[in-house]
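A short worksheet on the structure shown next.
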């Protein structure tokens, strides 16, 4: 049995404490500076206020000031911050890492460098670790459909762990697997992270249909919703994910497996990301939507922002056609350029349908 | 402008009258012997009782006895019966068809012959048409996500028309396309029909999660549902559809486009097929579920029945591995063999996850 240190006490980071403690590991849960109230509640009442659950025995909460102590002797470090916290994570955790510790991130995102080239967050994280340790700590990430509250409720959950280090990813999978937490593994870390990030962007796209429905006044007198439109957006989203995986030289089949269609499905039916797309589809500007959702991490909008830089770069490199990815381009127009969310369906699916 | 005769006055057949009449076509709507009350209501009040909508002007209702008159002079015939009505359709419509009429079916299904080989319904239909006309009537079918009530409500809808006759399918698309009914075309009729049929089977699979949730007493005290499980089943469903398309030599990309992931999504979030899977997932036997759903066409169960015969045939032919399609095999066990719906997740996605 190992010591596992989770850095970041939000929903998803904390939820991994359930399978880990069920497997007999000792878990140290370190809050960031944003998690002070959570850690205080965990220390005083052993209750996680956003997950609304009592912490499992075997979890010890730590404030951020004690991160060095919490990392000491840990075999596995779980990076439990969201995409905007990845630089903080590298700066905070990096100096205390020791060779052979494994780092697995739940962070989902894609960043662009100064040229507009896409980088997956595990690589961003790695680049910011101290040079002395960078190549000596195997890095892994988690993809696939997982609502944190369900994992903490020990509901059946299927995920994919990815790492370029095939031995490390198998060891990590063994450490986490329980009868309710099913872990597949892949060495295609790039493909896994593309899906994990893109599904947040495309959920905004699917949710445009829910917003359009609200804008129209809801279901009509005969009870018609706009599921047909949502489903068309869903199919186009999977198709564009498949194309982006292909462009990246990654596993195209992820588009119709757990990391792509599976994770997109769970985010559309059970996640919080649909709120942004619903507001935009209803006719709110991005500026207005952002104000209404103050306090919520808009990971979908961040990914769309990265893709706004990446698309022209991919076109300039000849890797993507000028008219490809019409749904993602629409999302860029709406989220980055503040244009109205008028969905033009004809260019979808290769553009063969004309009205 | 053309005369279009819809045979079958149920939900989906009748719903095509909206784009057709909006395009200025004259529509004749023929009820089957099961549609007597519908046709009477359409004749007396111009109101379709199951769609809960007034018929558009330009639609003339016909009882089944007048089918010959209704077919006379029609350019396009819409086969609007469900999968169990396809033999009736061939026998009823066949004798009255004339060369050059185009027949487009909304019927979704797969049948097996005496050997267990799969046949798509347009081919079953074709084989039962009179020999003199069989090769002189282009056959087409409709796939993709389309809830009939939304089409009749002129909600945005994206579908795929398929026919081996590339010229006929383009002419049909032109006849149906409106600013809200977007039609893509394909000559891969087999792939399109596989998806249209299989999505009904796999919706039963996804809905097992909803039944498992009900069985467990619903959301837990912290609000956790079973979306993670539903999403894993959804991803596995798309993965198995991709594999079956590959085995059939059809377009694998349909699995993550409109005909596969798109149509599965709409059926899972807005269709009636989830009721069967929910009952089975809750622990009801197939016999019991069938009794509770009396009156509902269980197209998912019919497809699963066909696949029960097809799977061993494909394995015997060396086209499918003995352990492939674990979700479809589970559905066969539950629906055909009456076994309990215990979902074993480890064999999914190539079987690399072991607890």
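Here is how the numbers come out for the structure above:
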item: Residues of the range A:40-66 that turn out to be part of a loop (DSSP other than H, G, I, E, B) and under 22 Å from residue A:101 (Cβ atoms), as a count; result: 2
item: Complete set of residues in the range A:135-144 that are in contact with a helix residue (DSSP H, G or I) (Cβ under 7 Å, 6 or more places away or on another chain) and over 25 Å from residue A:271 (Cβ atoms); result: A:138, A:139
item: Any chance residue B:237 is in contact with a helix residue (DSSP H, G or I) (Cβ under 9 Å, 6 or more places away or on another chain) and more than 12 Å from chain A (Cβ to nearest Cβ); result: no
item: Those residues of the range B:26-51 which are under 24 Å from residue B:180 (Cβ atoms) and touching a helix residue (DSSP H, G or I) at 6+ places or on another chain (Cβ under 7 Å), in sequence order; result: B:27, B:28, B:29, B:47, B:48, B:49, B:50, B:51
item: Matching option when the condition is outside any helix (DSSP H, G or I) and under 30 Å from residue A:48 (Cβ atoms), among B:224, B:231; result: B:224
item: Residues that are part of a loop (DSSP other than H, G, I, E, B) and at positive phi, drawn from the range A:313-355; result: A:318, A:325, A:338
item: Options A:2, A:15; residue that is on the phi < 0 side of the Ramachandran plot and touching a strand residue (DSSP E or B) at 6+ places or on another chain (Cβ under 8 Å); result: A:2
item: Residue check for residue A:195: within 12 Å of chain B (Cβ to nearest Cβ), in a helix (DSSP H, G or I), within 26 Å of residue A:12 (Cβ to Cβ) and touching a strand residue (DSSP E or B) at 6+ places or on another chain (Cβ under 8 Å); result: yes
item: Residue match in the range B:200-210 (condition: at pLDDT 95 or above and surrounded by fewer than 24 Cβ atoms within 10 Å (Cβ to Cβ)); result: yes
item: For residue B:277: the one exception among (1) at pLDDT below 95; (2) more than 14 Å from chain A (Cβ to nearest Cβ); result: (1)
item: Residue A:24 being buried (at least 23 other Cβ atoms within 10 Å of the Cβ) and away from chain B (no Cβ under 14 Å); result: no
item: Qualifying residues in the range B:245-259 (those that are under 18 Å from residue B:145 (Cβ atoms) and touching a strand residue (DSSP E or B) at 6+ places or on another chain (Cβ under 9 Å)) - the one surrounded by the most Cβ atoms within 10 Å (Cβ to Cβ); result: B:259
item: Scope the range A:23-39; condition assigned to a helix (DSSP H, G or I) and touching a strand residue (DSSP E or B) at 6+ places or on another chain (Cβ under 7 Å); matching residues; result: A:38, A:39
item: One residue from B:230, B:261, B:207 being more than 11 Å from chain A (Cβ to nearest Cβ) and in contact with a helix residue (DSSP H, G or I) (Cβ under 8 Å, 6 or more places away or on another chain); result: B:207
item: Those residues of the range A:161-184 which are touching a helix residue (DSSP H, G or I) at 6+ places or on another chain (Cβ under 7 Å), under 16 Å from residue B:235 (Cβ atoms) and either assigned to a loop (DSSP other than H, G, I, E, B) or within 8 Å of chain B (Cβ to nearest Cβ) (or both), in sequence order; result: A:183, A:184
item: Residue satisfying all of: in the range A:264-274; at pLDDT below 95 and in a helix (DSSP H, G or I); farthest from the other protein chains (Cβ to nearest Cβ) among these; result: A:274
item: Residue A:242 within 14 Å of another protein chain (Cβ to nearest Cβ), crowded, with 19+ Cβ neighbours inside 10 Å, touching a residue at least 40 places away in the same chain (Cβ under 8 Å) and assigned to a helix (DSSP H, G or I); result: no
item: Failed criterion for residue B:146 (all others in (1) in a loop (DSSP other than H, G, I, E, B); (2) at pLDDT below 95 hold); result: (2)
item: Members of the range B:285-295 that are without any contact (Cβ under 8 Å) to a residue 12 or more places away in the chain and not in a helix (DSSP H, G or I); result: B:294, B:295
item: Residue that is in contact (Cβ under 8 Å) with a residue 12 or more places away in the chain, under 30 Å from residue B:155 (Cβ atoms) and either surrounded by fewer than 19 Cβ atoms within 10 Å (Cβ to Cβ) or within 17 Å of the chain's Cα centre (by Cα) (or both), where the choices are B:298, B:279, B:344; result: B:298
item: Residue ID - farthest from the other protein chains (Cβ to nearest Cβ), chosen from residues in the range A:301-323 that are buried (at least 18 other Cβ atoms within 10 Å of the Cβ) and farther than 28 Å from residue A:213 by Cβ; result: A:309
item: Yes/no for residue A:250 being in a helix (DSSP H, G or I), touching a residue at least 40 places away in the same chain (Cβ under 8 Å) and either closer than 22 Å to residue B:12 by Cα or touching a helix residue (DSSP H, G or I) at 6+ places or on another chain (Cβ under 7 Å) (or both); result: no
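Here is a yes/no grid of residues against (1) crowded, with 20+ Cβ neighbours inside 10 Å; (2) in contact with a helix residue (DSSP H, G or I) (Cβ under 8 Å, 6 or more places away or on another chain); (3) within 14 Å of chain A (Cβ to nearest Cβ):
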{"residue": "B:117", "(1), (2), (3)": "no, yes, no"}
{"residue": "B:121", "(1), (2), (3)": "yes, yes, no"}
{"residue": "B:125", "(1), (2), (3)": "yes, yes, no"}
{"residue": "B:133", "(1), (2), (3)": "no, yes, no"}
{"residue": "B:146", "(1), (2), (3)": "yes, yes, yes"}
{"residue": "B:152", "(1), (2), (3)": "yes, yes, yes"}
{"residue": "B:212", "(1), (2), (3)": "yes, yes, yes"}
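Let's see how each residue does on (1) crowded, with 19+ Cβ neighbours inside 10 Å; (2) free of Cβ contacts under 8 Å to residues at least 12 places away in the same chain; (3) in a strand (DSSP E or B); (4) over 21 Å from the mean Cα position of the chain (by Cα):
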| position | (1), (2), (3), (4) |
| --- | --- |
| B:68 | no, no, no, yes |
| B:84 | no, no, no, no |
| B:90 | yes, no, no, no |
| B:104 | yes, no, yes, no |
| B:108 | yes, no, no, no |
| B:114 | no, yes, no, yes |
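The values are calculated or read from the model by the stated rules, or taken from the named source; none is laboratory data. Quick caveat: nothing in here was measured; it's all calculated off a predicted structure. Using ideal geometry, Cβ is built from the backbone for each residue, glycine included, and neighbour counts are taken over all protein chains shown.
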